[in-house]
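Taking it in order: structure first as structure tokens, then the write-up.
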There are 2 protein chains.
Amino acid sequence: MSLRDDKRRWSMREVQAAALDLFEASGFDAVSVEAIAAAAGVSAPTVYRHFGTKERIIVWDDYDPGLLDTIARHATQLPPLRAVETGLIEELDRVYEADSRRVLRRARLMLATPALRLANVPVLAELRAELGAVLALSYADLTEARADLLAAVILVGLETAIGRWIGTGGKTSLRTHFRDAFADLRSVILTEGALT
Amino acid sequence: MSLRDDKRRWSMREVQAAALDLFEASGFDAVSVEAIAAAAGVSAPTVYRHFGTKERIIVWDDYDPGLLDTIARHATQLPPLRAVETGLIEELDRVYEADSRRVLRRARLMLATPALRLANVPVLAELRAELGAVLALSYADLTEARADLLAAVILVGLETAIGRWIGTGGKTSLRTHFRDAFADLRSVILTEGALT
DNA sequence: CAATTTGTTGATAGTCACTAACAAATGATA
DNA sequence: TATCATTTGTTAGTGACTATCAACAAATTG
């Protein structure tokens, strides 16, 4: 990793930290990018070069994404829902342990701010596509179309779990909410299977 | 319905029609709201008073929303997935018959334009919430949390069907794509049920 | 059918997210 | 060290969106 990349990442963290402070204090709409840039000691165009949009200052993160590998590993031994549930718990617990304060602050702000939730949609869409690909590779009896659909269903569980987690203020462990949300998903699926 | 509301709806249709023409000709980003307003014979602030944002000029529609009632009616006799599938086919076919040209143009443009797809997310989120409420009322064994989850899963089917429909240029009937997407969804669910 | 009240419109001016262009500075490279 | 490639800040711009207010149209009332 070059010095340039280091500086870039360091600067992005600074900007995100400044933005987090300002947004929490005054709300997303009341803070201008100009103000964030000034607080972080850079110019506004630099912020845009790094993040693209005001929303992505918060949505961005640089936790290394071992998630899909972890899921793929579990997928050799477990059925899809279990593999993803286990992988998610493992990987997100790791991220949370590593930087719990920032994770919580970002999640809270995102849940509370419609514009940020919306800006997160493309991120989830990409995760869905990647997860679909992993599932299609891991389970021979899944066509690509069905694997993508299954990935979408699983993401519903993910979003639900995180929503509930933040809903409780992050007090109960993320792990618990994943287990609950996936249990609900499983129950819905089984009931539906019986009925349909 | 008062004269004022009539004028408002008529004006909104004019604006949407003008926007559709311009967007199709030059692309969403290349057309300013000013230009749309001029083409529709109103002022820009009026466009904003009517639609709120540039995106919602296209996302907006005024087809009367009998969808949930229709689904609720079917829900007394069919299991959830079937009830929603049947209701959707019935109702969306009706809308499509009534104004097929505009429906297709709007759908195509929305699928092709990221900003419009994003602006449609809150609309789908509201539909999900309403559908969840209907399901919770219609099926006694569903808790509210699970009904909401089921609604989210069903919306995955909806989005998939519409995506595939537009993907084929709208040649194959919407009906067919709904049947296929819901069949895939059912298959995923049943496989998953067996595996989990 | 006036007279009054209420809601809607266009004109104007402003804020702010975001981009293009260029010159100065700084990290990579030979 | 000398050259090359990137990154930065400055400046100036576009366009989405909002607030204000005066002119106007429509609902309401006597």
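With springs only between Cα atoms under 10 Å apart, run a GNM on chain B and tell me which of B:ALA161, B:ALA125, B:ALA25 wobbles the most.
Ranking B:ALA161, B:ALA125, B:ALA25 by mean-square fluctuation puts B:ALA25 first.
With charges only on Cβ, +1 for K and R and -1 for D and E, what is the dipole size of region A:1-149 about its Cα centre, in debye, rounded to 20?
Its charge dipole is roughly 360 debye.
What is the sum of charges, Lys and Arg at +1 and Asp and Glu at -1, for the other residues whose Cβ falls under 11 Å from the Cβ of B:LEU142?
-4
What number do you get for region B:15-69 when its Cα radius of gyration is normalised by 2.2 N^0.38 Å, N = residues?
Relative to the 2.2 N^0.38 Å estimate, region B:15-69 comes out at 1.22.
What is the mean number of Cβ atoms from other protein chains located within 10 Å of the Cβ atom of each residue in peptide A:81-87, rounded to a whole number?
Partner Cβ neighbours, averaged per residue: 1.
Using r as the Cβ-Cβ distance of B:ASP69 and A:SER26, and R0 as 45 Å, what FRET efficiency do you calculate, to the nearest 0.05?
Efficiency for this residue pair is about 0.55.
Between the label point of A:VAL123 and that of the same position in each other copy, find the distances and list them shortest first in nm, with every label point placed 7 Å from Cα along the Cα-to-C-beta direction.
List, nearest first: 2.6 nm.
Can you give the FRET efficiency for A:GLU34 and B:GLN77, using 1/(1 + (r/R0)^6), R0 = 45 Å, r = Cβ-Cβ distance, to the nearest 0.05?
E between A:GLU34 and B:GLN77, to the nearest 0.05, is 0.15.
Please work out whether region B:111-179 counts as rounded, prolate or oblate from its C-alpha gyration tensor, where a ≥ b ≥ c are the square roots of the eigenvalues and a/c under 1.5 means rounded, while otherwise a/b larger than b/c means prolate and anything else oblate?
Oblate, since a/c reaches 1.5 and b/c is not below a/b.
So for region B:1-94, considering every pair of alpha-carbon atoms, how many percent are separated by more than 18 Å?
56 percent
Let me confirm one metric for peptide B:152-163, namely the mean number of other chain beta-carbon atoms within 10 Å of its residues' beta-carbons.
3
Please give the average number of partner chain Cβ atoms lying within 10 Å of the Cβ of each residue in A:141-149, rounded to a whole number.
4
Assuming R0 = 35 Å, can you tell me the calculated FRET efficiency for the pair A:ARG94 and A:ARG49, based on Cβ-Cβ distance, to the nearest 0.05?
Here the calculated transfer efficiency is 0.70.
Give the Cα extents of region B:151-196 along the principal axes, in whole Å, largest first.
Each principal axis gives a Cα extent; for region B:151-196 these are 37, 17, 14 Å.
Please arrange B:HIS74, A:HIS50 by counting, for each residue, the other beta carbons lying within 10 Å of its beta carbon, fewest first.
Ranked by crowding around the Cβ, least crowded first: A:HIS50, B:HIS74.
Put a dot 7 Å past each Cα toward the Cβ at B:ALA17 and A:LEU111; how far apart are the dots in nm?
If labels sit at A:LEU111 and B:ALA17, their model points lie 4.7 nm apart.
Give me the percent relative contact order of chain B, please, defined on Cα pairs under 8 angstrom at least 6 residues apart.
Result for chain B is 17 percent.
Of the listed peptides A:35-43, B:62-70, what is their order by residue-averaged count of other C-beta atoms within 10 Å, with the highest listed first?
A:35-43, B:62-70
Between copies, how far apart are the A:ARG175 label points? List them in nm, one decimal, shortest first, with each point 7 Å from Cα toward Cβ, please?
When each copy's label point is compared with this one, the spacings are 5.3 nm.
For chain A, with the dipole built from +1 on Lys and Arg beta-carbon atoms and -1 on Asp and Glu ones, taken about the Cα centre, which of A:GLN77, A:ILE57, A:ASN120 lies farthest toward the positive end?
A:ILE57
State whether the protein assembly as shown is rounded, prolate or oblate according to the following rule on the C-alpha gyration tensor (a ≥ b ≥ c being the square roots of its eigenvalues): a/c under 1.5 gives rounded; otherwise a/b larger than b/c gives prolate, and the remaining case gives oblate.
oblate
Once you sort the root eigenvalues of the Cα gyration tensor of region A:79-119 as a ≥ b ≥ c, which label holds: rounded (a/c under 1.5), prolate (a/b larger than b/c) or oblate (the other case)?
oblate
Note down the nm distance, to one decimal, between modelled labels 7 Å out along Cα→Cβ at A:LEU195 and at B:ALA125.
Taking the simple label geometry, A:LEU195 and B:ALA125 are separated by 2.6 nm.
May I ask you to report, in nm to one decimal and beginning with the shortest, the distances from B:LEU68 to the same position in the other copies, taking label points 7 Å along Cα-to-Cβ?
B:LEU68 label point versus its equivalents elsewhere: 3.8 nm.
Output the DSSP H helices from chain B with an along-axis C-alpha extent of no less than 24 Å and a mean Kyte-Doolittle hydropathy no less than 0.5.
Span-like helices here: B:114-138, B:144-167.
Cα-based count: Lys pairs in the protein assembly as shown below 29 Å, eight or more positions apart or different chains?
Close lysine pairs under the 29 Å cut-off: 5.
Fewest first, what order do A:GLU55, A:GLU126 take by the number of other Cβ atoms within 10 Å?
By the 10 Å Cβ count, ascending: A:GLU126, A:GLU55.
With 26 Å as the cut-off, how large is the P(r) tail for chain B, expressed as percent of Cα-Cα pairs?
When all Cα pairs of chain B are counted, 40 percent exceed 26 Å.
Throughout, read-outs are computed from the coordinates displayed, never taken from laboratory work. Values in this document were obtained by computation on a predicted structure and should not be read as measured data. All Cβ positions, glycine included, derive from the backbone under ideal geometry; neighbour counts span all protein chains shown.
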